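The values are calculated or read from the model by the stated rules, or taken from the named source; none is laboratory data. Because the structure is a prediction, the values reported are computed rather than measured. For neighbour counting, all protein chains shown are included, and Cβ atoms are generated from backbone atoms with ideal geometry for every residue, glycine included. Surface accessibility is based on the protein's heavy atoms, side chains included, excluding ligands, DNA and RNA. Shrake-Rupley method; radii C 1.70, N 1.55, O 1.52, S 1.80 Å.
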Amino acid sequence: MGNLRVALLLLTLSICLFPELGSAQLQRNYYSNICPNVESIVRNAVTKKFQQTFVTVPATLRLFFHDCFVQGCDASVIISSTANNTAEKDYPDNLSLAGDGFDTVIKAKEAVDAVPQCRSKVSCADILAMATRDVVALAGGPSYAVELGRLDGLSSTADGVKGKLPQPTFNLNQLTALFAANGLSQGDMIALSAAHTVGFSHCSRFANRIHNFSSQNPVDPTLNKTYASQLQAMCPKNVDPTVVVNMDPISPRTFDNQYYKNLQQGMGLFTSDQSLFTDPQSRPTVDSWAQSSSAFEKAFITAITKLGRVGVKTGSNGNIRRDCATFN
């Protein structure tokens with residue numbers, strides 16, 4: 001009996017001291033015996049969605065990031081609000097998440113569950129991780145092996161999002177600190193920022209840089225002047241709030257290292273983007289990846305793999321949802 005008590009005490013201690021141990025259980029071929037064709041099923045569903053709209057790419061990529069940074073990679077961002085609970089997706093920072101990202105995961109989940117052997121065996125969190133890998137490749141980015149074995153989270157609250165996501169006004173130190181809180185290095189942060197090589201932003205997210213930056217400078221002086229004029233034309237002061245502009249004005253539909261080349265030219269859309277070049281701490285990395293797409297791709301694969309390990313749920317901390325948008 002004494003040995004059992006000691007064993008239980010040690011187990012409790014290990015859980016308290018190492019709550020993130022779940023990430024160590026992720027593995028590349030997690031579903032090989034459970035649902036052997038899961039990766040091709042998901043890839044086919046994602047490809048079909050991609051053929052309908054390119055927005056699938058940035059929407060899915062951003063969904064994965066917003067999911068992992070709040071409570072870990074557990075698909076809690078996909079949960080719909082109810083009369084009794086305002087979920088993560090309805091927090092102001094998440095209201096701009098494009099519906100195509102949610103739809104991509106839901107369609108892929110339906111395709112997986114249509115196979116009898118796979119029904120209710122694959123988590124929404126893992127489907128989102130696979131779909132993210134697939135959209136990066138479909139947009140011309142690197143292919144990489146994805147680690148699997150996450151469970152879906154058991155809670156999702158709007159209140160839990162506050163202070164967890166990077167803001168467009170952040171400087172390098174603020175970005176670095178936020179990523180460090182999730183076990184990601186400054187290099188990982190700079191690599192993951194390249195997700196802004198695809199997708200779009202609402203004018204309101206950067207209006208301060210082109211209209212009323214400061215009393216001396218109405219336009220942010222770190223902005224390329226020609227680019228600033230183009231942005232002012234697309235986003236006049238009283239612009240319709242639904243108007244969007246491409247994050248990458250040069251190759252907005254290709255996942256590439258153009259993002260870093262744009263920063264060198266003063267064409268980062270957000271303050272948080274441009275700070276990666278204006279700050280001497282991070283500029284050498286930007287210059288290096290602007291020059292070498294292979295070095296960037298290698299760093300991106302490392303960073304997104306590490307991102308996928310954040311706050312993974314295993315055991316009794318999660319389950320496999322039957323419907324990604326609702327708890328079982």
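Given a cut-off of under 8 Å on Cα pairs at least six residues apart, what relative contact order in percent is computed for the range 215-279? Relative contact order, the range 215-279: 33 percent. The lysines whose alpha-carbon is closer than 27 Å to the alpha-carbon of LYS225, local same-chain residues fewer than 8 away aside, are LYS237, LYS261.
Just the number please: accessible area per residue for the chain, 1.4 Å probe, all protein chains included, in Å².
On the way: 15210 Å² over 328 residues.
Counting only protein heavy atoms, the per-residue value for the chain is 46 Å².
Computed from the C-beta positions of ALA114 and ALA180 and an R0 of 56 Å, the FRET efficiency is 0.85 to the nearest 0.05. For the peptides 275-284, 103-112, the ranking by packing is 103-112, 275-284, with the highest mean count of neighbouring Cβ atoms within 10 Å listed first.
Extents of the range 100-250, taken as max minus min of Cα coordinates on every principal axis and listed largest first, are 64, 33, 31 Å. Charge tally for MET130 (other residues, Cβ to Cβ under 12 Å; Lys, Arg +1; Asp, Glu -1): +1.
Pairs of alpha carbons in the range 263-314 separated by more than 19 Å make up 41% of all such pairs. Peptide packing for 295-303, 229-237, 64-72 was compared via the average number of neighbouring C-beta atoms within 10 Å per residue; ordered from the highest value, the list is 64-72, 295-303, 229-237. For the chain, the alpha carbon convex hull comes to 160 Å³ per residue, rounded to a whole number. Computed on protein heavy atoms with a 1.4 Å probe, the accessible areas place ILE210, ILE41 in the order ILE41, ILE210, largest first.
Compared with the dominant Cα axis of the chain, that is its longest principal axis, helix 225-234 is turned about 70°.
Between the Cα long axis of helix 56-68 and the first principal axis of the chain there is an angle of about 60°, rounded to the nearest 10.
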